[in-house]
Each structure stands twice: as C-alpha cells, then as structure tokens.
Amino acid sequence: MAVTDFIPGQRWISNTEAELGLGMVTTNADRRVTIVYPAAEDERTYATDNAPVSRVEYPVGDTVSNSAGIQIEITERIEKNGCFIYIGNDADGEEHIVPEIDLDSHVQFNRPQDRLFAGQVDKLSRYKLRLNTLEHQHAQQKSETYGLSGGRVQLLPHQFYIAHEVANRYAPRVLLADEVGLGKTIEAGLILHQQLISGRAKRVLITVPDSLVYQWLIEMMRRFNLHFSIMDDLRCTALEMSGSENPFDSAQLILCGQSFINNNATRVEQILACEWDMLIVDEAHHLVWSEDAPSPLYTTIEMLANVIPSLLLLTATPEQLGLESHFARLRLLDPDRYSSLEQFREEQEHYTEVNALVQKLLAENGIAQLSSDAQFQAELNSFLGEETATKLIADAQEENAEEAIQQCINHLLDRHGTGRVLFRNTRDAVHGFPQRILIPHPLPMPDELSSEMVDFSLDEILKPESVLGDDWLEFDSRVEWLDGWLKAHRHEKTLLICAKAETAQALEEHLRLRKGVRSAMFHEKMTLINRDRAAAYFADTEEYAQVLICSEIGSEGRNFQFAQHLIMFDLPLNPDLLEQRIGRLDRIGQKNDVQIHIPYYEDSAQAILLRWFDEGINAFRHTCPAGQALFTQFEDTLVGLLLDGADEETFETLIVESQQASQKILLEMQQGRDRLLEMSSCRPEQAAQLIESVEDTENRHQLVEYMEHVFDQFGVDQQTNGLHSVILQPTDQMIYHRVPGLPDEGCTATFSREEALSREDMQFLNWEHPMVTGAMEMITGSEFGNTAICTVKLPPLAPGTLLVEAVFVLYCAAPRHLNLQRYQPQATVRVVLDNNGNNLSAIITPNHLNKLGERVKRHAAQNLIRHGREQISGVLSKAENVAQAQQEKLIESAVSKATTILNEEVERLEALSKVNPSIRAEEITQLRADRASILELLGAAKLKMDAVRVAVVSD
C-alpha cells in the first residue's frame, strides 16, 4: 500500500478491532498513518505498508447516516482530492450533501455482506470454524438430553431418568429421596445445570446444613462448573458497608447455611425481596413440622417456597420421622394439593391397593391374570376406567401381551399420587454396589493410657493421641501396626481417615519422612489448590500416593472409589459420620470389595464402640439407615459404657436390645417400602435410552477436533499431556482478552469422561462445558469468520468464474428457554451461485471449497472485492432470493414438528391431570403458553445471511 493511499479525511475501518467504529485519517507522514476513531474516543498509529485497516467506500444505492443521525440513500458519489462526497435523499425526499468526514462514526459492519464490501475478509480457517460451530450448536440443542450431558458424573440410568423427568418441567417442585450413596446431590446438580443452560432458570438459592456448605460449593464447581457465592453474616455485612442495598443481589447463584437464615428475619426479608427461579434445600428431614408448632427453619423455608417458583428438597429418609413429617415436606412442594394430613393418610392407603395390582402384573402369571382373571380385570377396570382397561385386556389376549403388561403398569404408575413429586431409588433396585468387609485389628493399649483412662473426657478416650503427648507416634501401637500394614500392601491404594487435622498431618509426615511411604494428606487447614493436588496425586494411575491421610472434614464431598482399603484410625461416635467415611469408597463404580480396617486398643472404649457398631446395629457390613435413630435411643447407655468401661452384662443387654430395635425399624421401613414409587422413579427402558442419547451426542472425537481448531484460531497454546488430556495456556497472541472458562493461569483438561472421573484436578471438556459453549457463543454472536475469499481449481468451470457461497440461518428473536432450534430441521441453508446466476448448490459441496480452496492475500482480496463489488452484490441478491424460496418450507417443517411435539406434551399432561392430582394447573397453563409462543415465533422466523465466501476459479 502506497503512502499516498492514506489521505486526511478518508474513512477506514480496522480489520482487527471492528468495535472501534468508523475511523478517520488525521495524519500521514514518515511511513506512519494516524487514524482517530471518534466513536471509541481512541486513535491508532500504523505503518503505512501493513496497516490492518480497510477503506470504506459506500456505493450508490446504499443507506448511510451523517453525524447528526440523518439517514440518506445515496444517489451520487463524487471523489475529490482522494475523499468521497455522498449526495442523497432522506426519508422525506430532502437532498443532503455528506462529505465522508461527516459520516456517522458509530457504524458497525456486522452483516457479512457489509464486512465483505468494507474489505474485512477473514481467514478460510475461521470461516470453516464458524460453519462447524453452527452445525454443532444446532446438533446439541436438538438433543433430547440437552443440558444433561455436561456434568462430571457417571452415566447412571436412575440418576439421568430422574434428572430428565424433572428438568424438562416448568418450575419443577420435587422431593429427591434416593437412599444414601445413590447420588441425590448429583441428581439435583443435573437438574440445576439443565435449567440454567436451557434458560429456564437464572437465579438460584441453595441452603444446606452448615457442615455441608463447602461440600456443596465444591461439588457444584467441580462436577457442573457452577460457581456459587457463599453468603453468611460476614459477607452480607461487608457488602452492606460497601454500599449494597441488598447483599443477595450481588450474585446469581447463592449458597448459604441453614443456621444463617433460620430465625433471621432481616436476611429472610432480603432474600424475599429478590427474584429467584429455584430453591434447593438439602437434608430436608431437618425441617420439623407439626400442625400446631412448625419449627422456625420449616417456617422460613415455607416462606421462601411460597414465592420461589421451583423447589428441590433432598433427603435420604423421607419417612424416617413419620408420615406427618413426610406430609410436611410434600406440603412445601404443593400446599394446595397437600392441604390435609387426614386426606393424605387415606390416599396412602389407596396407593397400597395400586401397588398390589402392579405386583400381580409383575408376577409369573401376570399375563394370565390380565387376560383371563375376571376379578383382577374388575379391579383394573375400577382404577383405569372401562375404555383403557378393555383395550389393555384385549391386547393381552393377543400376541402383544408383554407390551400390554408394560402399558398397564405405566398407566398405574401415572396414577400414583406422589410419584410425580417424589423420587426414591433404593439399593435393592439399583445394582452395582460392592461388598463391605470388616477387618478388625486388636492392638495392645499403650502403658501410658491404661492407668489414666478414667480421668479423660469421651473425646480424649476416642482420640487417645490427643493425650499421649507430643511424641505419641513413638509408642502408639496403631502407628506401629500402620507401618507394617502399608509395607505389606505397598501397591494397593489406601484411604486413611482420622478425626483431626493435627493427627493427619503428624501421621503423614511420619510415614513420608521416616518410613519412606508415598503419602499425601488432605485436611481442612490446607488450601483448596493443595487439597486438589493431594487428591490428584492419590488418584494418578502411574505416579501415585499409596495412602491419602484425611481428617474428618477434609474427606467430605470426595469420592475415592478407585481405592479398596479404608483405614479408620479412630471411630466417630455418630453412625451417620461412620457411614459417610465408608461412603468415600462404597459407591457405584467401586470395582472391588471395600475392606474396612479398624486398628483399636483391646479392652478400651474403641473396642466397645466397634462391637456396638458391628454387632448391635450392623453399621459396617451394610448401610444403616436407622443408625441415627438407634444412637439416639441408646446414647445414654452407650456413652456410660464408653466412659466407665464395659460392664459385660450391661453391654450384652445393650447389644441384644440394639439388634432387636434395629430389626424392628428395618422391618417397618421394608414393609413401608413403596415399590410403586421405586418403579416410577426409574423406568429402565426409558433410562437406557437416555444414557444412549447422552453417549451419542458426546461425540468425543468430533469435540477434540473442533476444540483444537478453536484453540488454534483463538491463540490458546495447547500441549498434549498423555493419551487423554491437554495443557491449555493463554498467550499474548489471543484474539480475545479472555476465553470463557479458561483460567488466567491455564489448566489441564481432558475430553474423556472416564479420565475426568478419576482426575478431579482436570477440566472435563464436553459440549456443555463453559469453555466450549462460551467459544461457540463468541463465534456465532459476532462477525467472527463470516466472510472469506479463496481461489479454487474446478476443471469443469472456466478460469475466472466467480462463485458466491451464501450461508443462511433461520432467525427469530426468542427467549432462550423456548429452544426453537429443537424444532428446526437443519442448522443452515446454503446457496452457491456463479456469476451468471446458475445455482450450483447441489454440485459444489462444502467439501469442494474446503479442500480445494486456497488462501488469497488480504490486499489481493480487497482489490478483488473493490473491482467486483457490483457483480458480487448482484449474485448475493439472487442468492437471497433462492434462500427465500426455501424459507416457507423450512418454517412449515419447523411449525409442523413443534405442533406435533407440543400437542403431545400438552395432551398427555392434561390427561394425566385428570387421574393424578399432583399435576399443577400452572404447569399446564405454562406449557400451553409456551406452545402458543413457539408456534407464533417460528411462523415469523426469517432466513438471515450469516456468512459469505467468494471463490474465484483458477487455472
């Protein structure tokens, strides 16, 4: 570019910073040109021979605005002293003369044709990336499991069935009550993630017991990339002092302890003053209620539940505190539906009859009963109605009897009163759990303890290292046993849990420094980063720590099912805490039996507690849902024995009574077990289809290829790190200041779900990860890659032939939660025309241009556009006409698909509401409103040009 090409007063636009608006040349001297950008109140100085700018030349017929904002249609363009003067008429027909120096500087060239004619041409690689992005984005949003595949979780059918069933509802209000270890937190996270990514929810409040706040914070962040803000009095006060009127307005996703809002009128009032979409309450069995005196916490949650549209309650013990307490939680979900405790009692008895019918259908003679047992048919007729029952009986008498049985069960499940608002899976129904093996290790009590135990507190008795002195490691027989055991099991990963961080630290240093054991520690006094490193070291499959030594709090929220040995250096008094420890290893996905090692002093309080846990309530070998209730019942006797020593007769009596009480509670729970509820909580065939859908849409290899392209174009450094992972680092060459989801310090990421589950220190890149969705939105929401120019060798076409490829998308502005792409038959409409207007779309495929297209230097491309503008503009107009001819057919197809899907959803919900009162009226109303909006918006959709590629046939 010659120096004389830049003349003061000319208008140019930056190729790399289009957001600066229209620039104006101010000086051109010493091979430097200075361009001021009035809209951005900024200026740039470039070398004249390689300035990244394009000359702006508006042709006759274009519409421009002057600095006063008056729009004129250009009728004449005059060039004088290297600058243009535009002459045209405004909307009233009045003529205006506009020197280009007087053009509006706030102009943006976003449309592909505008950018093309302004000389802003992108690399071919960016153009290809844009089109790939449109296709991938459409494929994901069409998926049945959109929003559910992004979590760092195992693909477990029962969890995904519940998440899919709940997350696709309008403002879901349900009780998640799976047994311990089955993943209620994961189910809630999946539902929440889908609601957020689909736009159904934006603001969420989670309240949990104080001890679980950080566990939830970490779980949401690591598994679902959801970053919650913890709200407590200290943070609220700090925000208020900094000028915030309502601290709960400071974040979209907020997490708080239940004690923080319990009986705290000021904070509850602030919460109620905000707009929320979803409330999640963990450990909901803590919400104590009676008709006369509900607890303060229950009253608080009730106030919030009355104004927040969506509510998820989590508890592993829905009926442990009795039917009244169970009713109280259902009452929070739907106070209109569950308004009378007496009526609820009657309904529960009615469900037992339905349950009995289902069990008969599942029996070996189920087909015979359905097809020929008159009494059974009469019972079925009373529940399903004559028309439905008659059809099913007729089907059973023909060849499709199995299908009739399943349909009959489905109809009965739909009529199950709490089945739509309550989900509960049990270990009896979900398979895949390991066996638990208890291995006690009796040891001699140190001499320093044997004579002084009566002077110690209960906490000191159960954690004797706290009173053995600073050199306790030297004569504690548990430490000596640990040294020998670890040497004998050198190649087996072991998790050791003790109560205190000080004990964990002392043990780890002793083993690592004095015994040469590959060890790591994990406790609450460490930073989150150091804890991550320790967990990663333990999880590694090549260079790993043999033993990870955790404190009580440090082990919370972490899953180590890749290890099979658990050593409890001490025993907790609380049975639920004991279950939590074992639950670190005893989880779905554990491939080995869990071996539980208990080193303990003979004839000590530890020995008493061990026997009571094992023989009294069977807490080691099986889960003990009645553990806390049993501890409460026998606490006084047990604590007395622990403090005073075992009186053999009293202790034997305690064991027998504990066994009897445990059997009684478990029998009551088993008899009260609602098998109908379990069946409605996971329908295996549908659950299997969901898992298959997630696996199909993951397309790991396509994602790897796509993100490599993204990182390359965005300027992110990527280095291979083993077979399944990559190290990503920001660089100075990045085209954007930040890439969504990429930390400033970089990160290690994997595309493998299996790797991500064992390596929590890695980011799990999938189609729903913020780094991927963020990159897609940056590409499709900007002009990135929407123009390109290339040369191509196509022998059938004469050299010099001009080809224009225009890509259109069906566009309509709509709320995100409606997800209109779900109904659109294709992502794009592609039209290819030559300079004679011949439609070559079916002949010249994207692969032709992608594989054969060759780069054209920017200066040559700009000259080609400048000289061929009139011809290209004419071809683009014809391309728009060709695309418009397809618009009606596309819209018709989308409307037809939407009508079919939405009508089925509305009709099913309406029919269900007639037999199941748990269907809320507002849910049907919202579904009807969404149907009307979707059909109206699709009907008004327009094809919009999204990208243009010009190709010149070469010889």
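The values are calculated or read from the model by the stated rules, or taken from the named source; none is laboratory data. The structure presented is a predicted model; accordingly, all values stated were derived computationally and were not measured. Note that each Cβ is placed from the backbone with ideal geometry, even for glycine, and that neighbours are counted across all protein chains shown.
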TODO: Inspect all residues belonging to region 354-372 and state whether any of them is outside any helix (DSSP H, G or I) and closer than 30 Å to R920 by Cβ.
DONE: no
Task: Selected residue (criterion: surrounded by the most Cβ atoms within 10 Å (Cβ to Cβ)) from residues of region 915-955 that are modelled with pLDDT under 90 and of a type in the set (V, I, T) - done: I919
- [ ] Please list, ordered by first then second residue, the pairs with beta carbon atoms under 9 Å, 6 or more apart or interchain, first in region 691-717 and farther than 17 Å from E135 by Cβ and touching a residue at least 40 places away in the same chain (Cβ under 8 Å), second small (G, A, S) and part of a helix (DSSP H, G or I).
- [x] D712/S125; F714/A775
- [ ] Could you check, for region 133-153, whether at least one of its residues is in contact with a strand residue (DSSP E or B) (Cβ under 7 Å, 6 or more places away or on another chain), touching a residue at least 24 places away in the same chain (Cβ under 8 Å) and aliphatic (A, V, I, L, M)?
- [x] yes
Open item on the list: Looking only at residues that are within 26 Å of G785 (Cβ to Cβ) and assigned to a strand (DSSP E or B) in region 728-753, which one is nearest to the chain's Cα centre (by Cα)?
Closed with: A749
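Let's see how each residue does on (1) more than 35 Å from the chain's Cα centre (by Cα); (2) within 25 Å of L642 (Cβ to Cβ); (3) crowded, with 19+ Cβ neighbours inside 10 Å:
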{"site": "L468", "(1), (2), (3)": "yes, yes, no"}
{"site": "D471", "(1), (2), (3)": "yes, no, no"}
{"site": "I497", "(1), (2), (3)": "no, yes, yes"}
{"site": "D532", "(1), (2), (3)": "no, no, no"}
{"site": "E542", "(1), (2), (3)": "no, no, no"}
- [ ] State whether one or more residues within region 637-647 are of a type outside the set (S, T, Y) and within 15 Å of S662 (Cβ to Cβ).
- [x] yes
- [ ] For region 804-833, name all the residues that are touching a Pro at 6+ places or on another chain (Cβ under 9 Å) and part of a loop (DSSP other than H, G, I, E, B).
- [x] none
- [ ] Taking the options T145, T133, name whichever one is more than 30 Å from T185 (Cβ to Cβ), polar (S, T, N, Q) and either touching a Leu at 6+ places or on another chain (Cβ under 6 Å) or buried (at least 20 other Cβ atoms within 10 Å of the Cβ) (or both).
- [x] T133
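Here is a yes/no grid of residues against (1) modelled with pLDDT of 90 or more; (2) of a type in the set (S, T, N, Q):
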| position | (1), (2) |
| --- | --- |
| E43 | yes, no |
| V53 | no, no |
| V60 | no, no |
| S67 | no, yes |
| K80 | yes, no |
| E94 | yes, no |
| H106 | no, no |
| Q113 | yes, yes |
| L124 | yes, no |
Open item on the list: Given the criteria surrounded by fewer than 19 Cβ atoms within 10 Å (Cβ to Cβ) and at pLDDT below 95, does A177 qualify?
Closed with: no
Task: Single match in L253, L217, L234 (criterion: in the same structural domain as M278 (by TED's automatic domain parsing), of a type in the set (A, V, I, L, M), at pLDDT 95 or above and closer than 23 Å to Q270 by Cα) - done: L253
Open item on the list: For the structure I just gave you, tell me whether R490 is at pLDDT 90 or above, assigned to a loop (DSSP other than H, G, I, E, B) and not small (G, A, S).
Closed with: yes
- [ ] Any chance you could count how many residues in region 361-380 are closer than 17 Å to N410 by Cα, aliphatic (A, V, I, L, M) and either free of Cβ contacts under 8 Å to residues at least 24 places away in the same chain or surrounded by 13 or more Cβ atoms within 10 Å (Cβ to Cβ) (or both)?
- [x] 5
